[in-house]
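What follows draws every value from the coordinates through simple rules; no lab data is involved. Not measured: the values here are computed from a predicted model. All Cβ positions, glycine included, derive from the backbone under ideal geometry; neighbour counts span all protein chains shown.
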Amino acid sequence: MSLKSFQNLTSRVIVLPEDNIDTDQIIPARFLTTTERSGLGKAAFYDWRYDDAGRPRNQSPLNLAGQGGHAILVAGSNFGCGSSREHAPWALLDLGVKAVISSDIADIFKSNALKNGLLPVEVDRKTHRRLLKAPGEEVTIDLETQTVRFGGKWQAVFKVDSFARYCLLEGVDPLGFLMQQLPAIKEFEKGRA
Amino acid sequence: MSVAETKPQSLFEKLWRRHIVVEEESERPAVLYIDLHLIHEVTSPQAFDVLAGKKIRTRRPDLTFATLDHSTPTLPADNHGVLPYATPAAAAQVNALIRNCREHDIPLLGLDDPRRGIVHVIGPELGLTQPGKTIVCGDSHTSTHGAFGALAFGIGTTEVGHVLASQCVLQRQPKTMRVTFNGALSPGVGAKDMALAMIADIGADGGQGYAIEFAGPAVQNLSMEGRMTLCNMSIEAGARFGMVAPDEKTFEYLSGREFSPLGDSWDEAVAEWRTLPSDPDTVYDREVRINASAIPPMITYGVSPDAAAPVDGRAPQPKSDIEKHAAEYMKFDAEQPFSTATVDRVFIGSCTNSRLSDLREAASVMRDRKVKEGVTVLVVPGSEAIRAAAEAENLHLVFLNAGAQWRNSGCSMCIAMNGDQGEPGELVVSTSNRNFIGRQGRGVRTVLASPATAAASAIEGRIADPRPYLTMTGKQNRCH
């Protein structure tokens, strides 16, 4: 898979203020029997977006996802906790979400997201609190300078793993990098035998 | 060499150092060698597709091992030999793993294999899981294997592809945390209660960025099965790694298993394993101390595993909109005694609590008793080997006579993707690991608990403290 490179993104935000939004919410397990990674947008936050009869819930802020430039999700703390399913970032991307902003994002989700071009953005608590109160706000995420800007003059920095950032900016596939390490890997195996 | 010259190393750091192929630098993570890659049907098909697209074969099928558990039915095949899959997609997913394993020469515990079972149960059971190994699986509960002093962690599907192709992952070194359980557990309290007490203490994200080492007398006194339960739920505190130092119990458990070393190799392996425990005076990035003797049987009352409290307690007053929303979903009123909550279904199983000792614990409560009318009870052993062992000591008859269902092995209602699930609105007392909204079926309210608490709740039809059962039938319990 070749990665889509990520430079910067300006978009309105969808706010889900709940803490601990787990990957079972992002994509319920009953949708995991797929052997594909595409077309999972329909399943994204399914139980939040559709009622028991499968009718769309009119009041769900997620209905805006991917529409009118709503490509950034602002969520409560510990976003993406729970199951390691990579279907979670696949589903969000297919729904039109390209970045998630929170005060902290669970380790495995963060790792999975970065490998698919979905940017996990962890900001300071003050910025986080402010964004949680600003649904519809236009936010710019700049990966090159690792800054988030909104509301005219609000600016916050965020950290992304330097290697993941390099891969995203340059469109480098980490698998290609690993395959280049094969001589060292073989040497390591010889040393242990 | 004097002590001053060498920095004391933790169990984690020793294992990490021994598996570095390329050192971590600020600009890139370490290339970490993987000794054992476990795969299952749900998180592997897309990884095999990536390999197929690049014409890459699995580099070390000899270090890769597959089982079927997540989408796999727990009800037997019908008279025509057809398994009752939840959907055609579930059957296709199982068949995709069978096909991929055949094409890549990867050993697979197929549907009829008497060793098949949940990935985190069969690894230790077969002796594949060993101290000192790095173990990964596309499953967050891979931390279970850390109970053996292995460095084991869950990865995503892209990384499954990385390991298939290179036998390595790109990984940054996490911080270390030691969680010490002092004192001794009270009767009727077990590893599950310790796990829930710890998560309630440090929070669902308290372990994020850390590798946890569980230590202290109450951990040393746990059986290997108890240690697996504890390490299993590390991820519920946000930690990808949970480990326990290997000791005589570890070696005794592994001795004579199918993939354990034999003869001289065994002696060499044990000598090596003895060097793994953390050095004295190791400094951890964070220390947590918990008094094990003060832990009662625990349950969860919310929709995150850190919302845990004593089973004989009351639902707390919600302190935020989020807690209020959770209480509304769970239908717990503030100050309501948990013991007044009516139970619709009980699930005894999962990679957390489906091993023989778990089934014995549940059976000791249910023996010669009946499940409360209207309560559906599923008992799902973690592997076919456990099922056979339980049947050999007639545990299945205890469950069946009580009115519970006795199933074939699999993940079943823990992840509820094989057709085993609750109905909307039902309250399920479950020995699994996650009480997330909808985890066990849309609208299902999950209460996490130990096997003893789940069994007592099945008998009473409400959330029940298991301790009275242990004193009432104390003598009988010691029979097996």
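Go through the range A:83-139 residue by residue and tally those that are within 24 Å of A:Cys167 (Cβ to Cβ), part of a helix (DSSP H, G or I) and within 14 Å of chain B (Cβ to nearest Cβ).
16
All but one of (1) hydrophobic (A, V, I, L, M, F, W, C); (2) farther than 26 Å from B:Ala90 by Cα; (3) assigned to a loop (DSSP other than H, G, I, E, B) hold for B:Leu400; state the number of the condition that does not hold.
(3)
Taking the range B:431-445, which residues are within 19 Å of B:Gly410 (Cα to Cα) and either in contact with a Leu (Cβ under 8 Å, 6 or more places away or on another chain) or not in a loop (DSSP other than H, G, I, E, B) (or both)?
B:Thr431, B:Ser432, B:Asn433, B:Arg434, B:Asn435
For the range B:23-72, which strands (runs of 3 or more DSSP E) that fit wholly inside it have 3 or more residues that are farther than 17 Å from A:Gln180 by Cβ?
Hits in the range B:23-72: B:36-39, B:64-67.
In this structure, does B:Arg18 turn out to be surrounded by fewer than 23 Cβ atoms within 10 Å (Cβ to Cβ), farther than 17 Å from B:Glu103 by Cα and within 11 Å of chain A (Cβ to nearest Cβ)?
Here the answer is yes, as B:Arg18 does meet what is asked.
Looking at the range B:70-93 only, could you name the residues that are closer than 20 Å to B:Gly138 by Cβ and either under 23 Å from the mean Cα position of the chain (by Cα) or among the charged types (D, E, K, R) (or both)?
B:His70, B:Ser71, B:Thr72, B:Ala90, B:Gln93, listed by residue number.
Take the residues of the range B:200-243 that are acidic (Asp, Glu) and within 14 Å of chain A (Cβ to nearest Cβ): which is nearest to B:Ser354 (Cα to Cα)?
Ranking the candidates gives B:Glu236 first.
May I ask you to list pairs of residues, at least six apart or on different chains, whose Cβ atoms are under 6 Å apart, with the first in the range B:25-51 being more than 9 Å from every other protein chain (Cβ to nearest Cβ) and the second being surrounded by fewer than 21 Cβ atoms within 10 Å (Cβ to Cβ) and of a type in the set (Val, Ile, Thr)?
Cβ pairs passing all conditions: B:Ala30/B:Ile20.
Looking at B:Leu83, is it buried (at least 19 other Cβ atoms within 10 Å of the Cβ) and more than 9 Å from chain A (Cβ to nearest Cβ)?
So B:Leu83 does not fit the description; no.
How many residues does the range A:37-54 hold that are part of a loop (DSSP other than H, G, I, E, B) and crowded, with 18+ Cβ neighbours inside 10 Å?
4
Do you know which of the residues in the range A:170-181 that are loosely packed, with under 15 Cβ neighbours inside 10 Å and farther than 13 Å from B:Leu170 by Cα is farthest from the chain's Cα centre (by Cα)?
Among them, the one singled out is A:Glu170.
Among the candidates B:Thr431, B:Thr446, B:Thr453, single out the residue that is β-branched (Val, Ile, Thr) and within 14 Å of chain A (Cβ to nearest Cβ).
One residue alone meets the criteria, B:Thr446.
Only helices (runs of 4 or more DSSP H) wholly contained in the range B:171-248 count here; list those with 3 or more residues that are hydrophobic (A, V, I, L, M, F, W, C).
The helices (runs of 4 or more DSSP H) meeting that bar are B:191-202, B:224-232.
Please work out if A:Leu118 is more than 27 Å from B:Gln173 (Cα to Cα), of a type outside the set (S, T, N, Q) and surrounded by 22 or more Cβ atoms within 10 Å (Cβ to Cβ).
Answer is no for this residue.
When you check B:Met417 against the structure, is it buried (at least 24 other Cβ atoms within 10 Å of the Cβ), within 14 Å of chain A (Cβ to nearest Cβ), part of a helix (DSSP H, G or I) and out of contact with any Cys (no Cβ under 6 Å at 6 or more places or on another chain), yes or no?
No.
Collect the residues in the range A:37-46 that are among the hydroxyl-bearing types (Ser, Thr, Tyr) and either over 19 Å from A:Asn58 (Cβ atoms) or more than 12 Å from every other protein chain (Cβ to nearest Cβ) (or both), keeping them in residue-number order.
Correct list: A:Ser38 only.
Could you say which residue among B:Thr142, B:Thr158, B:Thr72, B:Thr64 is crowded, with 22+ Cβ neighbours inside 10 Å, away from chain A (no Cβ under 14 Å) and hydroxyl-bearing (Ser, Thr, Tyr)?
After ruling out the rest, the residue left standing is B:Thr64.
Can B:Pro316 be described as surrounded by 15 or more Cβ atoms within 10 Å (Cβ to Cβ), in a loop (DSSP other than H, G, I, E, B) and out of contact with any strand residue (DSSP E or B) (no Cβ under 9 Å at 6 or more places or on another chain)?
No: the conditions fail for B:Pro316.
Check off (1) farther than 15 Å from A:Val100 by Cα; (2) in a helix (DSSP H, G or I); (3) hydrophobic (A, V, I, L, M, F, W, C); (4) touching a residue at least 12 places away in the same chain (Cβ under 8 Å) for A:Val172 and give me the number that stays unchecked.
Failing condition for A:Val172: (2).
Which of the residues that make up the range B:98-135 are closer than 14 Å to B:His37 by Cβ and more than 22 Å from the chain's Cα centre (by Cα)?
Passing the criteria: B:Asn100, B:Cys101, B:His104, B:Asp105, B:Ile106, B:Pro107.
Among A:Asn63, A:Asn20, which is the only one that is at positive phi and not small (Gly, Ala, Ser)?
Only one candidate qualifies: A:Asn20.
Just checking, which of B:Leu395, B:Leu400 is free of Cβ contacts under 8 Å to residues at least 60 places away in the same chain and surrounded by fewer than 23 Cβ atoms within 10 Å (Cβ to Cβ)?
Checking each option against the conditions leaves just B:Leu400.
Say we look at the range A:13-36 and pick out the residues that are more than 8 Å from every other protein chain (Cβ to nearest Cβ) and in a loop (DSSP other than H, G, I, E, B); which of these is surrounded by the most Cβ atoms within 10 Å (Cβ to Cβ)?
A:Ile21
If you go through the range B:263-273 one residue at a time, do you hit one that is in a loop (DSSP other than H, G, I, E, B) and farther than 14 Å from B:Ala150 by Cβ?
No, the range B:263-273 contains no residue that is in a loop (DSSP other than H, G, I, E, B) and farther than 14 Å from B:Ala150 by Cβ.
Can you name every residue in the range A:65-75 that is of a type outside the set (Gly, Ala, Ser) and either within 12 Å of another protein chain (Cβ to nearest Cβ) or crowded, with 17+ Cβ neighbours inside 10 Å (or both)?
A:His70, A:Ile72, A:Leu73, A:Val74
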